[in-house]
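Working notes for the structure below.
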Amino acid sequence: MRRSVAQLTLLYLAAVVIGVASAWLWLTRVGMSGVDAGIWRTNLLAGSREADAYTRARIALGAVLALDRGETLYYTTDHDNEGNTLRAECRYRIDGTPPPARWWSITAYAADHFLFANAERRYSISGENALLDDAGRFAALISPRSGDPDMPWIPTSGTGGMRLTLRLYGAGEPLQRDPGALAAPSVKRLGDCP
Amino acid sequence: MSIAPRRWPVHVLLALLVMALTHALTVWAIPRLIMDRIITLGGGDAAMQQSGTGVYLPPPTDHTQRRIVMPSPDLLYATCAFDVSERPLRVTLDTRYDRYWSIALYASNSDNFFVINDRDAPDGRVDLLVQSPKYVGSSAAAQSVTAPTHRGFLLMRLLVNDDPVVRAAAEAARQALRCSDA
């Protein structure tokens, strides 16, 4: 009898562990659904009261206190234009045109969703500091070391994954209706990774 | 008493049910646990500050900020944690800050249930009464908001840059925010 009780205890304990683990893996390993614009994805239910339980949990884990899409559109990517996973030890060039929004920014985050430590305190490029060329395009370098002194630079540190977040505050009505229509910035790797 | 072999299928089915319920409970609980921590810490911060405003003014965002994921380095923040189970919350602001700012309210399940920004309040004035759905009453506040949950969190965002003049104006604006019992 004792053996049977032990087996039953083990069975139910395993059920609880698998239930918790499957939820955690699903939330952290399976990509969030949403609308794609190039390599960028936005979830239209972020911060919304209409969010389903999985979306709400994913947002809480990775972007808690997000604003509703009527206020802000958030696009994220964790891979470059070639489909390779972004890595903190690599060099990337971001290139694009200012999005149609009252204000925008692109911020680099480490795999833990926090800012990269750097003495320069540079973490983002935005409508405030982006330099536009004659064609109205901006560019920025994301890498552990500076390169072109004329190009804005977002320093990274350490190794491992990286995520970029594009924030659009006060996005234009057409983009709010169709977030997939964003002329998305490109993210190209420069050279080989160390 | 031993468990008859023919009962095992029942237990396997029950275990599958337990697994599914645990999975669902985990997904449901994660945003609430995270918000509970944010609300608890936010309330403590405001109390520790002892400014009498009910508002916590975190330092400018940089890489040392490791309490809330994905902080924006381009924003200055002010926060209030609230509990409207006993009394409504009165939120006021009077600012001349001429750049983007917003005040967002979050429920204890992390939903953003209300937001007002500088374009919604062109005169720079906000007077909000945040109430429990169970205790809705009248007030002198200009605008009333019903919170879907008793506990929640207020987050004010102010767009800043490296200009010291802009920083000082944003600092003055967030210091004008007040959160108090109505």
Original post:
Does B:Val115 fit the bill of being among the β-branched types (Val, Ile, Thr) and touching a His at 6+ places or on another chain (Cβ under 6 Å)?
Top reply: no
Subject >> Flag for B:Arg87 being of a type in the set (Lys, Arg), surrounded by fewer than 20 Cβ atoms within 10 Å (Cβ to Cβ) and more than 9 Å from chain A (Cβ to nearest Cβ) >> reply: yes
**OP:** Enumerate the strands (runs of 3 or more DSSP E) found wholly within the range B:95-182, keeping only those where 2 or more residues are under 18 Å from B:Gly43 (Cα atoms) and small (Gly, Ala, Ser).
**Re:** B:101-107
Original post:
Would you pick out the residues in the range B:36-86 that are in a helix (DSSP H, G or I), among the hydrophobic types (A, V, I, L, M, F, W, C) and either modelled with pLDDT of 90 or more or in contact with a Cys (Cβ under 7 Å, 6 or more places away or on another chain) (or both)?
Top reply: B:Ile38, B:Ile39, B:Ala46
**OP:** Scan the range A:143-167 residue by residue and report those that are part of a strand (DSSP E or B) and among the aliphatic types (A, V, I, L, M).
**Re:** A:Ile154, A:Met162, A:Leu164, A:Leu166
**OP:** Can you tell me which residue within the range B:22-51, out of those that are without any contact (Cβ under 8 Å) to a residue 12 or more places away in the chain and at the interface with chain A (Cβ under 7 Å from one of its Cβ atoms), is surrounded by the fewest Cβ atoms within 10 Å (Cβ to Cβ)?
**Re:** B:Trp28
Original post:
So which of A:Gly170, A:Gly160, A:Gly147 ends up being out of contact with any Gly (no Cβ under 7 Å at 6 or more places or on another chain), farther than 18 Å from B:Pro73 by Cβ and within 14 Å of chain B (Cβ to nearest Cβ)?
Top reply: A:Gly170
**OP:** Quick one: count up the residues across the range A:133-149 that are surrounded by 12 or more Cβ atoms within 10 Å (Cβ to Cβ) and at pLDDT 90 or above.
**Re:** 8
Original post:
If you go through the range B:4-21, how many residues are loosely packed, with under 14 Cβ neighbours inside 10 Å and of a type outside the set (A, V, I, L, M)?
Top reply: 4
**OP:** Look at B:Val115 and say whether it is within 12 Å of chain A (Cβ to nearest Cβ), free of Cβ contacts under 8 Å to residues at least 24 places away in the same chain and touching a strand residue (DSSP E or B) at 6+ places or on another chain (Cβ under 9 Å).
**Re:** yes
**OP:** Output the residues belonging to the range B:57-66 that are more than 7 Å from chain A (Cβ to nearest Cβ) and either touching a helix residue (DSSP H, G or I) at 6+ places or on another chain (Cβ under 7 Å) or surrounded by 14 or more Cβ atoms within 10 Å (Cβ to Cβ) (or both).
**Re:** B:Leu57, B:Pro58, B:Pro60, B:Thr61, B:Gln65
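Can you tell which of B:Asp162, B:Asp127, B:Asp120 is of a type in the set (D, E, K, R) and closer than 24 Å to A:Leu44 by Cβ?
B:Asp120
The values are calculated or read from the model by the stated rules, or taken from the named source; none is laboratory data. Predicted model, so just to flag it, every value in this text is computed and none were measured. Cβ: placed from backbone, ideal geometry, glycine included. Neighbour counts: every protein chain shown.
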